[in-house]
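Pasting in a structure now, in C-alpha cells, and then I'll have a few things to ask.
The values are calculated or read from the model by the stated rules, or taken from the named source; none is laboratory data. Only a predicted model underlies this, so the values are computations on that prediction, with no experimental measurement involved. Glycine gets a Cβ as well: all are built from the backbone with ideal geometry, and neighbour counts include every protein chain shown.
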Amino acid sequence: MAGAGPVICVVGARPNYMKMAPLLRAIKSQPGMPSAVLVHTGQHYDFDLNDRLFVDLELPAPDVNLEVGSGTHAAQTAEVMKRFEPVIDQYQPSCVVVVGDVNSTLACSLVASKKSVPIVHVEAGLRSFDRSMPEEINRVLTDQLSTWLYTTERSASDNLAREGISEERVHFVGNLMIDSLLSALPKAVSAAELFHRMGLDPEWASAPAGYAAVTLHRPANVDDEQTLSNIVATLAEVAQRMPVIWPVHPRTRASIEKFGLDGSLQRHRIACLPAQGYLEMVGLMRSAAVVLTDSGGVQEETTALGVPCLTMRANTERPITVDEGTNTLVGTCRSRILQVVDDVIRNGGKRGRVPECWDGKTAPRIAHHMAHWLSCPASANAQQ
Ligand code: UD1
C-alpha cells in the first residue's frame, strides 16, 4: 500500500551514485512530489569509492547511513535488510526508489516488498543471461518485486515481458548515467592534469597511439589467479603499443597483491592508480584511444562519449552498447584483445551512435512520471 510519506531513495555502492544524483535533484524539484530521504546502505565505504564521488556528483550527505560494510553476499544482503526495515517503519514512505543491480538494490527491495511499499526500479530489465553473476540475480529478483520499472534501452522491455512482468509497469525513459556524464563533462579533469597529479610521464597524455584506460573488478576476472595473471600479461602487450592507465578497484588491488602481480605491472608501461573520482574518470575516458573494462557503467559512458570500448566479459546486459555504440565484447582472449587494440591504432576503432533518449534528460522524465502516479496512489496499488 502506498503511504503518504516521503520517497526513500537508496544508494549502496559506487555505480548507484551516478544514477541517483540527477534523479534525487529531479525528484526534489518536481512539483507535487513528496519530500525525498536519501538512504545509504554503506556497502561501499572507502573514501575513493564513496565520499569522493558524493562530492563530484554533488550528492547531499545521506539522511540515513546503515553502515553495513563488506561481507559475504548473504551476510551483506541480510545486514542491509535488518537495518533497512526500521527505516521503512520510521518513515512510512510513499515508495522506495532503487537503482541498478548491486546487493543493496535487492536487499532494500525485499524489505519494501514485504512491507507492501511500492518499489521503483531504475535501470530495470537488463539481462546478461549469466546467473553466475551476482548482479544478474539481483536484477531478476528486483524486477519481480518492483511496481514501476524504468528502462534504459528498449530490449529491456522484451526481457521483462518474457519474465511475465506486465507492460503497464514498464516505462522506457533513457539512461540516467548519461545525465550525470553530460553534466560532468564541462568539469572533468583533463588527462594531462591527472597524469601530472599522479606523477606519470606527461608525454603519455600525447603518446602517438594515445593511451588505454582500464577498469576491472568483476569477481570472474579478478578473483582467480590464472585469469588475472593472463589479463595482466595481455595488458603488458597492450602497453607495448600504448601506455596503459589503470585505476584499480580495492577488490582488484587485493588480488594483485595476493597473487604477487605487482612486479609484472611495474616492468611495463602500466600505471596502476588508486580508484579515481568521477571527474577524473570522465576526463580519463573522454581522451582515451580505447577503454578496456568489465564495468557495466563504463560500457555505457564510452558509447555516449564515442570512445571505443573493449568489454572483457563473455556477455553484456547492455546490448545496445554493442549494437549501436562503440562496445566490442572481447572476453579475456589475448589475441582478440590485441586484434581490436591494433584496429584502434590503425583505424580509430569501432564507431557508433548515441542511443535513443541517452540525452541527459532521463531524470526529469522519471520524476514527472512518478509525480503523476504518486498523485493517484490507486494506480500504484493496482499495479502490485
Ligand atoms: C560492487 C557491486 C558491483 C559494482 C561494484 C562497483 C554487488 C554484488 N556488486 O562490487 O555490481 O559494479 O560494486 O564498485 O553489489 N571494498 C573496499 N572498500 C569499499 C568497498 C569494498 O575495500 O568501499 C572491498 C572489500 O574488500 C570487499 C570487496 O572490495 O570485500 C568487494 O566489495 P563489494 O561491495 O562486495 O563488491 P564490489 O566488487 O565492489
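Name the pairs: first residue in segment 123-145 and more than 25 Å from residue 365 (Cα to Cα) and β-branched (Val, Ile, Thr), second residue outside any helix (DSSP H, G or I) and near the ligand (Cβ under 10 Å from one of its atoms), Cβ to Cβ under 9 Å, at least 6 apart or on different chains?
137/101
Another question, then. Going through 103, 65 one at a time, which residue ends up being farther than 15 Å from residue 9 by Cβ and either within 15 Å of the ligand (Cβ to nearest atom) or at pLDDT 95 or above (or both)?
Sole residue among the options that is farther than 15 Å from residue 9 by Cβ and either within 15 Å of the ligand (Cβ to nearest atom) or at pLDDT 95 or above (or both): 103.
A follow-up question, please. Quick check on segment 328-343: of everything there that is in contact (Cβ under 8 Å) with a residue 60 or more places away in the chain and under 22 Å from residue 301 (Cβ atoms), which residue is surrounded by the fewest Cβ atoms within 10 Å (Cβ to Cβ)?
Ranking the qualifying residues of segment 328-343, first place goes to 332.
Here's another thing I want to ask about it. Which one is nearest to residue 104 (Cα to Cα), of the residues in segment 141-166 that are aliphatic (A, V, I, L, M) and part of a helix (DSSP H, G or I)?
Taking the candidates together, the pick is 141.
For residue 252, which of the numbered conditions (1) within 12 Å of the ligand (Cβ to nearest atom); (2) in a loop (DSSP other than H, G, I, E, B); (3) among the β-branched types (Val, Ile, Thr) fails to hold?
(2)
Still on this model: Could you identify the single residue in 220, 184 that is more than 25 Å from residue 346 (Cα to Cα), in a helix (DSSP H, G or I) and within 16 Å of the ligand (Cβ to nearest atom)?
Result: 220 is the single residue among 220, 184 that is more than 25 Å from residue 346 (Cα to Cα), in a helix (DSSP H, G or I) and within 16 Å of the ligand (Cβ to nearest atom).
Please verify whether residue 55 is among the hydrophobic types (A, V, I, L, M, F, W, C) and in contact with a strand residue (DSSP E or B) (Cβ under 9 Å, 6 or more places away or on another chain), treating the condition exactly as stated. Give the steps one after another, and end with the answer.
Numbers: among the hydrophobic types (A, V, I, L, M, F, W, C): yes; in contact with a strand residue (DSSP E or B) (Cβ under 9 Å, 6 or more places away or on another chain): no.
So residue 55 fails the test.
Okay, next question. State whether one or more residues within segment 347-368 are touching a residue at least 24 places away in the same chain (Cβ under 8 Å), crowded, with 19+ Cβ neighbours inside 10 Å and polar (S, T, N, Q). Lay out the reasoning, then the answer.
Of segment 347-368, the ones touching a residue at least 24 places away in the same chain (Cβ under 8 Å) are 348-368.
Now drop any that are not crowded, with 19+ Cβ neighbours inside 10 Å, which leaves 349-350, 352, 355, 358, 360, 362-363, 365-367.
Imposing the further condition that a residue be polar (S, T, N, Q) reduces the set to 362.
Yes, segment 347-368 contains a residue that is touching a residue at least 24 places away in the same chain (Cβ under 8 Å), crowded, with 19+ Cβ neighbours inside 10 Å and polar (S, T, N, Q).
Here is a further query. Just checking, does segment 259-271 include any residue being of a type outside the set (Ser, Thr, Tyr), within 16 Å of the ligand (Cβ to nearest atom) and surrounded by fewer than 19 Cβ atoms within 10 Å (Cβ to Cβ)?
Yes, because at least one residue in segment 259-271 is of a type outside the set (Ser, Thr, Tyr), within 16 Å of the ligand (Cβ to nearest atom) and surrounded by fewer than 19 Cβ atoms within 10 Å (Cβ to Cβ).
Okay, moving on. Report whether or not residue 18 is assigned to a helix (DSSP H, G or I), within 16 Å of the ligand (Cβ to nearest atom) and under 22 Å from residue 216 (Cα atoms). First the steps, then the outcome.
Details: assigned to a helix (DSSP H, G or I): yes; within 16 Å of the ligand (Cβ to nearest atom): yes; under 22 Å from residue 216 (Cα atoms): yes.
Answer is yes for this residue.
Considering each of 213, 188, 205, 220 in turn, give the residue that is of a type in the set (Gly, Ala, Ser) and buried (at least 22 other Cβ atoms within 10 Å of the Cβ).
213
Please go through segment 175-225 and give me each residue that is more than 21 Å from residue 244 (Cα to Cα) and without any contact (Cβ under 8 Å) to a residue 12 or more places away in the chain, ordered by number.
Selection gives 186, 224.
Looking only at segment 223-238, which residues are surrounded by fewer than 20 Cβ atoms within 10 Å (Cβ to Cβ) and away from the ligand (no atom under 11 Å from the Cβ)?
If the condition is that a residue be surrounded by fewer than 20 Cβ atoms within 10 Å (Cβ to Cβ) and away from the ligand (no atom under 11 Å from the Cβ), then 224, 225, 226, 227, 229, 230, 232, 233, 236, 237 are the ones that fit.
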